[in-house]
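To start, the structure itself, in structure tokens.
The values are calculated or read from the model by the stated rules, or taken from the named source; none is laboratory data. As the structure is a prediction and not an experimental result, all values here were calculated from the model. Using ideal geometry, Cβ is built from the backbone for each residue, glycine included, and neighbour counts are taken over all protein chains shown.
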Amino acid sequence: MYDEGSPVNKWHVEHFGHPSKVGYKDVIPTFKGEKFDPENLVGAYKRAGAKYFMSMGVHHDNFNMWNSPTHRWNAVAMGRRRTSWACSRRRLSSAVYALESVNTFGLATGGLV
């Protein structure tokens with residue numbers, strides 16, 4: 001969305017405005033996940049024969065996908081405001097991977113390009 005002229009940037013500008021005015025930090029609270037059904041998703045993995053599930057731990061712009069004590073840029077504080085224990089309930093081993101990066105745009109600079 002920060003790559004000026006890219007398809008994602010054009011879509012973002014059309015729907016939200018320029019990222020320097022309405023960036024990822026402003027869009028996060030709109031993610032509600034009304035149709036997200038982790039119980040059904042994990043059930044489908046199990047039925048397909050999965051032995052484990054690995055989830056993304058850190059999303060775009062170092063946005064944590066758990067209730068991180070490090071900063072408020074996380075899915076519990078700003079996004080869906082809930083977490084899922086579907087893997088535990090279905091006895092599916094799970095893991096989380098995190099690939100944090102230092103970036104020169106986005107939340108690292110207050111959401112400005």
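For the stretch 1-100, the helices (runs of 4 or more DSSP H) that sit wholly inside it and include 3 or more residues that are surrounded by fewer than 14 Cβ atoms within 10 Å (Cβ to Cβ) are 7-15, 38-47. Taken over the stretch 72-85, the criterion of being of a type outside the set (Lys, Arg) and modelled with pLDDT of 80 or more is satisfied by 73, 74, 75, 76, 77, 78.
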